[in-house]
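Here is the structure we will look at.
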Amino acid sequence: MSEKLIKIIKINNLQYNPQRDPQAYRRTAGEPFRLQAMIVSREIVRVTLSDEQGKTVAQHDLRGSGTFSHELTFAEPGVRIVTLAAKEPGRSESHDLRLDVMAETWKG
């Protein structure tokens, strides 16, 4: 089995875990999500972030291991699914990430 290209994914400086309560990653409309992916490779890796329609939001080529970072902001509340993909010659990996955007900050 080959080593993973995407070693760690962080959202808002917190390691992403799809089993974690989405509350941990939520932002209000207009507040940015900070996405980071730690890439492990000896090749040139193309890292792409795509929206729900498959449109490329961000793309960057990394030479060997490194970190991909991008901030996303949504003007309207709702649930968004973005896809983070890494591809090098001969192998690729992708992850769907759920981003929850609230209309206003919860007070309680």
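The values are calculated or read from the model by the stated rules, or taken from the named source; none is laboratory data. Quick caveat, the model's predicted, so the values are computed rather than measured. Methodologically, a virtual Cβ is constructed for each residue, glycine included, from the backbone with ideal geometry; neighbour enumeration extends over all protein chains shown.
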Taking the range 44-63 and keeping only residues that are surrounded by 12 or more Cβ atoms within 10 Å (Cβ to Cβ) and in a loop (DSSP other than H, G, I, E, B), one is left with D51
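From the list L84, L62, L72, which one is farther than 23 Å from T28 by Cβ and either aliphatic (A, V, I, L, M) or touching a residue at least 60 places away in the same chain (Cβ under 8 Å) (or both)? Give the steps one after another, and end with the answer.
Working: L84 fails: farther than 23 Å from T28 by Cβ; L72 fails: farther than 23 Å from T28 by Cβ.
After applying the criteria, what remains is L62.
For the range 42-53, what are the residues that are in contact (Cβ under 8 Å) with a residue 24 or more places away in the chain and farther than 19 Å from Y16 by Cβ?
Listed by number, the residues that qualify are E43, I44, R46.
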Selection over the range 68-108 where residues are more than 15 Å from the chain's Cα centre (by Cα) and either of a type in the set (K, R) or loosely packed, with under 12 Cβ neighbours inside 10 Å (or both) yields a count of 12
Those residues of the range 64-108 that are in a strand (DSSP E or B), of a type in the set (K, R) and over 13 Å from F33 (Cα atoms) come to a total of 2
Per the filter on the range 20-34, residues surrounded by 14 or more Cβ atoms within 10 Å (Cβ to Cβ) and within 23 Å of E93 (Cα to Cα) are Y25, F33, R34
Test result for N17, surrounded by 14 or more Cβ atoms within 10 Å (Cβ to Cβ) and either out of contact with any Leu (no Cβ under 9 Å at 6 or more places or on another chain) or of a type outside the set (V, I, T) (or both)
no
task: Tell me, yes or no, whether the range 58-67 has at least one residue that is modelled with pLDDT of 95 or more, more than 15 Å from the chain's Cα centre (by Cα) and among the charged types (D, E, K, R).
output: yes
Checked pairs for the range 1-24, first under 26 Å from G64 (Cβ atoms), second among the aromatic types (F, W, Y) and in a loop (DSSP other than H, G, I, E, B), C-beta under 9 Å and 6 or more apart or across chains, list as I8/Y16; I9/Y16; K10/Y16
(1) under 14 Å from S92 (Cβ atoms); (2) surrounded by fewer than 13 Cβ atoms within 10 Å (Cβ to Cβ); (3) small (G, A, S) all hold for S41 apart from (2)
